[in-house]
Each structure stands twice: as structure tokens, then as C-alpha cells.
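Contents: one structure, followed by commentary.
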Amino acid sequence: MSRSRKLRYGSSMSIPSAVRATVLERFKQMNSRYRDIVMCASAIGLRFDLTVLLTATAYCDQDVRAGIDLACNLGLVVANEDTLDGYAFRHALMRDIIYAELLMVRMRPLHRRIVRGLERTYASGGASLSELAYHAWASGNPRKSLRYNERAGDEAISLRAGGDARVYFTRARNLLDVDSTAYRRLTGKLYAITEAEPPDPG
């Protein structure tokens, strides 16, 4: 299974999957309002000032301060002791991961519309499983993402494209509870890819 994942939408930096999962686990302990506030902060940069953040968001001073306080308590953000209302993300990777979530939130409605269009043309050969798998995943729809990524992975296996299959199966598995039957099934498929790969000559 791939150890890292490219940041979405053109970033060239690779982020280890375990790091991303840990950051998002903390981030998703916040309610949607506070997540919006922290995502807006990520758009400002690694360091940000509450005055700028208040101008950039639609939330009141009390909500913004409460959201940033919670982000501090969760270890995502730290106060900058050199300035009165200055803050910074604890690590540049944390900011990058949360900013990628912001991009996904803004882009998900578009990807949902693309999936609907692709579904209409798929039966007639106008769309590929790989296209459906990607846009379903980017749309944030767990049911369709699981369905199309697993199917695309199975197709890639049949074409002996193990690297592509690993990407599809990993996307699908990341949506699932570790105790679920589907998680175990996809783990088996990923393990089969690893077993089928030739040993590294190095």
C-alpha cells in the first residue's frame, strides 16, 4: 500500500497517509462552523492574525476566537507570543492538509455534478471507470466512491496495472471502518497486489 499521498489540486508535496489521518482525526472533532474558521485560517497562510481572519470569515468575534481556541487545544494551532492576536499552525504540514480540505469542500459540488454526467454516459462507453472513481472520490460521496474505486481497482488488476489498482483500493478502504467486512475485503485485495509484485532488486 502506498505510504504517502499527493496533496490534491496540483501540489507537488507528498504527505504520509498516517500524518494526514492523524491531523484530520483531530480536525473533525470540531463542529462544521469551527472547521470553516480553521480552513479560512489555512487560506491566509502558515501564520495568521485574528484581525485578518475576522475580516475573511462570516463569523462573529466570539465564534472565531472559540474556534481558534479549540484548534489550539487540539494541537493544530499555536499562539504567537510575539503578537497580541497572532497564531500559527503547529506545523506546515498541518496547514497544507487543512488547506487541501478547504479546496475539496469548495470543489465537491462540482465533482458531484461531474459524476452525474459521467454516470449518464458510462453505459454507452462515454466515460471510464477511472474517471468515475476519481470524481466520486473528489466529490466526497462515500457510497459512490467505494463502488467506483473498487470496480476501477478490479479492472486495473485485470489489466495487470497493480499500481493503479493500489490507488483505487486505498481510496476506497480509507472511507471504511476498520471493523467492516468491506475494509477486510479491500485489505485482502491490497495484500494480493503486494504478494504479486516482484521483489525489489535493490
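Bear in mind these aren't lab numbers, they're just calculated from the coordinates by the rules spelled out. What you are looking at is a predicted structure, and each value in this text was computed from that prediction instead of being measured. Here the Cβ positions follow ideal geometry from the backbone for every residue, glycine too, while neighbour counts run over all protein chains shown.
Results, tabulated for the structure shown:
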quantity: Length-normalised contact order for the chain - Cα pairs under 8 Å, 6+ apart - percent; calculated: 15 percent
quantity: Highest average packing first - 104-113, 166-175, Cβ atoms within 10 Å; calculated: 166-175, 104-113
quantity: Quotient of C-alpha Rg and 2.2 N^0.38 Å, computed over the chain; calculated: 1.19
quantity: Computed [θ] at 222 nm, deg cm²/dmol, the chain (DSSP H ≥ 4; -39,500 (n - 2.57); rounded to nearest 500); calculated: -21000 deg cm²/dmol
quantity: Net dipole in debye of segment 4-95 [+1 Lys, Arg Cβ; -1 Asp, Glu Cβ; about Cα centre; nearest 20]; calculated: 680 debye
quantity: Amide H contacts of residue 127 (H built 1.01 Å from N, under 5 Å, at least 5 apart or other chain); calculated: 122
